[in-house]
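Down below is the structure, laid out as structure tokens.
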Amino acid sequence: MTAATQEALPITIRGVTKTYGAVHALDNVDLDVRQGEFLTLLGPSGSGKTTLLMVLAGFTRPDQGSLRFGDDEVIRKPPHLRNLGMVFQSYALFPHMTVAGNVGYPLRLRRLAKAELTERVERALDTVQLGGFGERRIDQLSGGQKQRVALARAIVFEPRILLMDEPLSALDKKLRDRMQIELRHLHEQLGMTTVYVTHDQREALTMSDRIAVINHGRLMQLDDPQHIYDRPANRFVADFIGDSAFLPVERQGEAVLYDGQPLSLSEAPPHGQDLVLMVRPERLHLLNGGEGGDFNRLTGRVSDIVYQGDSYLLVADLGNDREVSLRGVVRRDTLAALPAVGGPVTLGLSPSDTALIVDAP
Ligand code: ADP
Ligand code: MG
């Protein structure tokens, strides 16, 4: 497909609330999706991701709130007047139709002339690398090919907005990894505003321009992947994205103390509130006493070393029920040089990796 003939649209979500009995599926959500961006809704199961996507698509009417595509208020518009493409987790293909029949379906609804319909279907199939598959039956396709058909059907009428709900979750890991890259390229090629749902934090980090982390129907943080990972807004986000341990700290005037010692920091800690120190396994250094510098030191005993092929995890017991893990790359002789299980160990965090997090849900 050539560059989208219609301009991508920004999405403005304001005060959207949806309750089911006592459950707040969406709790006063405000969210701006930028024109042409790839935005991912990320959260645990039951956090409200699908509900928000269904509100965008028009299949679910919220109790309150407003929704604009560009300048248009669409909250009362039915799905077929919203001009958006949608890929469902289950693909929702018509099993008795051919590939071309499925992909052409939205165009037949729009009563396109036969010649143009055929041309558009072929173009959409080429775009998802299924050129020549038009006459195949759906049940002759692999999972990955079905997923591509669903995608072709979603983009065939060149919508300005594309919605996808966990579209890769049925695929095995290798295919999923490849499709992540392909979907990303497709987005770059077509440029439509895309809202993508996943519960997989790595998928979100890989694919997105920005990530909206949601929990219990509330927006926790909206930011680009690097900020979400390195500067999580609170403990929920820090815990959900990547691995981390949290250690108690004490604020004393301008200083923040761990274990009675002031921490070296590269920037001022967040204001007020209770803080915890977030420790990511790949940010810890194994210190053996010789290095100078400014490391914040954590001392304890090695409680376990876990070999994981390309990397290892060294688990350290810091006392008082505190535990952190260090992840290291395995090279020749790495493992032999590690401290013994049960023996003392000193771990270091550089000031720029010493991240203080607001200890709130
Ligand atoms: P997610 O997609 O993040 O897993 P959902 O949006 O599907 O979450 O669901 C959010 C919450 O709303 C859950 O607690 C779910 O049980 C509830 N919910 C969603 N749809 C309905 C419905 N049609 N009826 C009752 N409860 C629902
Ligand atoms: Mg869901």
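Working note: 222 nm ellipticity from helices only, DSSP H runs with n ≥ 4, each -39,500 (n - 2.57), summed and divided by the residues of the chain, gives -7000 deg cm²/dmol to the nearest 500. One chain, two ends: THR118 and LYS174. Fully extended at 0.36 nm per residue, the span grows by 16.9 nm beyond their Cα-Cα distance. At full extension, ARG297 and LEU265 could sit 10.3 nm farther apart than now, given 0.36 nm per residue minus the alpha carbon distance.
To the nearest ten degrees, helix 173-190 and the longest principal axis of the Cα atoms of the chain are 60 degrees apart. Each Lys and Arg Cβ is given +1 and each Asp and Glu Cβ -1; about its Cα centre, the stretch 49-190 then shows a dipole of about 240 debye. For the stretch 302-342 versus the stretch 119-142, the inter-centroid distance based on Cα atoms is 49 Å. From most to least packed by mean Cβ count within 10 Å, the peptides 329-337, 17-25 give 17-25, 329-337.
Rounded to whole numbers, the Karplus 3J(HN,Hα) couplings from phi for the stretch 214-225 are 10, 8, 6, x, 10, 6, 8, 6, 10, 6, 6, x Hz, using 6.51 cos²θ - 1.76 cosθ + 1.60 with θ = phi - 60°, and x at Gly and Pro. Kindly express, to the nearest 10 degrees and within the range 0 to 90, the angle between helix 143-155's C-alpha long axis and the longest C-alpha principal axis of the chain. Once rounded, the angle reads 60 degrees. Based on C-alpha pairs under 8 angstrom that are at least 6 apart in sequence, the stretch 158-267 has a relative contact order of 16 percent.
Given the stretch 1-123, report the % of alpha carbon pairs whose separation exceeds 23 Å. Everything past 23 Å amounts to 43 percent.
Here's how it looks for VAL29: its modeled amide H is under 5 Å from those of GLY15, VAL16, THR17, which are all 5 or more places away or on a different chain.
Pairwise Cα distances in the chain exceed 38 Å for 33 percent of all pairs. Computed over the Cα atoms of the stretch 276-360, pair by distinct pair, the Kirkwood hydrodynamic radius stands at 13.4 angstrom. Ordering of 69-77, 294-302 by packing is 294-302, 69-77, highest average first (other Cβ atoms within 10 Å, averaged per residue).
Whole-Hz Karplus values for the stretch 246-260 come out as 10, 10, x, 10, 10, 8, 9, x, 7, 8, 10, 9, 10, 6, x Hz, taken residue by residue from phi with 6.51 cos²θ - 1.76 cosθ + 1.60 and θ = phi - 60°; glycine and proline positions read x. Residues whose amide H falls under 5 Å from that of ALA355, counting only those 5 or more places apart or on a different chain, are MET278, with hydrogens built in the peptide plane. The distance linking the stretch 197-216 with the stretch 223-246 is 11 Å (Cα centroid to Cα centroid, whole angstrom). In the chain, taking the dipole from charged Cβ atoms about the Cα centre, the farthest positive-side position among TYR91, TYR20, VAL103 is held by VAL103. Summing +1 for each Lys or Arg and -1 for each Asp or Glu among the other residues whose beta-carbon sits under 9 angstrom from that of VAL74 gives +2. Would you tally the net charge around ALA113, using a Cβ to Cβ cut-off of less than 14 Å, leaving ALA113 out, and scoring K and R as +1, D and E as -1? Neighbour charge sum, excluding ALA113 itself: +3.
Helix 99-109 and the longest principal axis of the C-alpha atoms of the chain enclose an angle of approximately 70°. Near ALA8, once Lys and Arg are set to +1 and Asp and Glu to -1 for all other residues with Cβ below 13 Å from its Cβ, the sum equals -3.
Convex hull volume of the Cα atoms of the stretch 136-238, normalised per residue: 120 Å³. Ordering ARG61, ARG280 from the fewest to the most neighbouring beta carbons within 10 Å gives ARG61, ARG280.
Amide H contacts for GLN89 (H built 1.01 Å from N in the peptide plane; partners 5 or more residues away or on another chain; cut-off under 5 Å): ASP165. Derived scalar couplings between HN and Hα for the stretch 343-353 equal x, x, 8, 10, 10, x, 10, 6, x, 6, 9 Hz in order, rounded to whole Hz, by the Karplus curve 6.51 cos²θ - 1.76 cosθ + 1.60 (θ = phi - 60°), x for Gly and Pro.
When the GluC sites (Glu not before Pro) in the stretch 256-361 are filtered for DSSP coil states and for at most 15 other beta-carbon atoms within 10 Å of their beta-carbon, the remaining sites are GLU267, GLU291.
All of the numbers you see were taken from the coordinates with simple rules; none came from a lab. The model shown is predicted, which means the values in this text are computed figures rather than measured ones. Cβ coordinates were reconstructed from backbone atoms using ideal geometry, including for glycine residues, and neighbour counts include every protein chain displayed.
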